[in-house]
Amino acid sequence: MPSVYRNARAQKEIRHWCRSRIDAWHVPHVRRETATSAGLTSVVTVGPESRDGAPAVVLLPGTNMNAALCLAAAEGLAREHRVVILDLPGQPGLSSGHRPRAGRTAWYGRWLSEILALVVREPAVVVGHSLGGAVALACGSPLIAGRVLLSGAGVTRLRTPAPLLAATVPWLLRPSVPRAEELLRHMSAPGWTVPGHLSAWMDLVARRCRTSLAPAPLPPALLERSRAAPVLVATGRFDLFLPPGALGPAARHRLGVGLRVVEGAGHLLLDEAPVEVCELVERFCRAHTVR
């Protein structure tokens with residue numbers, strides 16, 4: 001299977017960046033690696049043990065993201081829940097960098113089922129951002145008590161408007177921190193200040209990794225199966241990849257649910273609106289508490 005990394009040195013640099021950020025996190029947590037059919041998977045666990053029937057929360061980052069970039073949202077969720085953050089295999093982070101050339105949807109679905117059975121071992125609400133949303137939909141594990149899709153892929157095709165494409169090409173071909181920051185500005189709401197660590201990370205990704213596109217919409221049968229557990233779909237008001245006008249009708253038609261719109265945010269919901277995301281997830285968990 002091909003690797004997301006350009007070479008072994010690139011992988012080492014990415015892993016060092018992620019480990020350093022997680023190790024410096026002020027919130028008590030545990031990180032370990034678990035063997036799966038998709039290779040070693042990095043698992044970060046934070047928060048209290050589940051109580052009173054409250055589900056665990058499994059956080060799946062999006063394309064080019066990982067646990068080291070989800071700490072603010074994880075901290076908020078961990079006030080009430082046991083939170084498990086997974087680095088997706090085949091994406092830059094602390095899990096295996098290898099991914100198949102074809103059949104990734106089924107591959108990711110099997111991987112998540114394994115992790116839920118091996119590590120989580122209790123009913124869980126799976127919160128997936130971007131690519132993570134498609135992975136959540138691809139998994140049919142009976143341990144999934146609900147799915148929260150944050151600008152989730154797999155429901156409808158992602159848009160790539162000309163301004164976004166114009167910022168992406170220079171970032172890939174001539175990487176620099178300013179070019180990464182410019183791309184992130186297009187991905188976020190107007191006026192949002194891009195954090196320095198995020199633009200530095202995206203510069204590192206462009207230099208050291210082979211990026212991948214989000215998956216196409218998942219097959220209707222797979223989306224129909226995902227209706228067996230409650231689903232919440234949300235996107236940012238200014239999301240250019242998945243604007244409300246496109247994701248809303250798709251969510252109603254393919255998942256049978258309405259759309260929650262996060263005001264003042266774009267595509268980077270975990271970074272732009274961690275408080276709002278935590279409130280959405282908490283309300284969802286309370287409405288679907290396991291008795």
Alpha-carbon Rg with Dmax, taken over region 8-287, Å
17.2, 52
Convert 20 °C to kelvin, take the viscosity as 1.002 mPa s, use the Kirkwood radius over C-alpha pairs of region 18-74 as Rh, and evaluate the Stokes-Einstein diffusion coefficient in µm²/s, rounded to a whole number.
167
In terms of the ratio Rg/(2.2 N^0.38 Å) built on C-alpha atoms, what value belongs to region 139-228?
1.36
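Of all the Cα-Cα pairs you can form in region 116-179, what percent are over 13 Å apart? Mind showing how you got there, number by number?
Working: 1403 of 2016 pairs.
Result for the distance tail: 70 percent.
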What's the Kirkwood radius of region 206-291 in Å, using all Cα pairs?
14.6
For the chain, size of Cβ-based charge dipole, Lys and Arg +1, Asp and Glu -1, in debye
860
Extension gain R21-T160, at 0.36 nm per residue separation less the Cα-Cα distance, in nm?
47.0 nm
Estimate the FRET efficiency between V169 and R6 by the formula 1/(1 + (r/R0)^6), using the beta-carbon distance for r and 22 Å for R0, to the nearest 0.05.
0.75
In region 8-287, what percentage of the DSSP-assigned beta bridges are antiparallel, given to the nearest 5?
35
Listed with the fewest Cβ neighbours within 10 Å leading, L94, L165 appear as L165, L94
Across all Cα atoms of region 182-248, Rg and the largest Cα-Cα distance (Dmax), in Å, are 15.9, 42
So how compact is region 26-107: Cα radius of gyration and Dmax in angstrom?
13.5, 43
Points 7 angstrom from Cα along the Cβ direction at A200 and S176: gap in nanometres?
1.9
Fewest-first ordering of R101, R252 by Cβ atoms within 10 Å yields R101, R252
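FYI, it's all coordinate maths here, none of it is from the lab. A quick note: this is a predicted structure, and the numbers were derived from the prediction, not measured. Quick reminder, even Gly has a Cβ in these numbers, built from the backbone with ideal geometry, and neighbours come from all protein chains shown.
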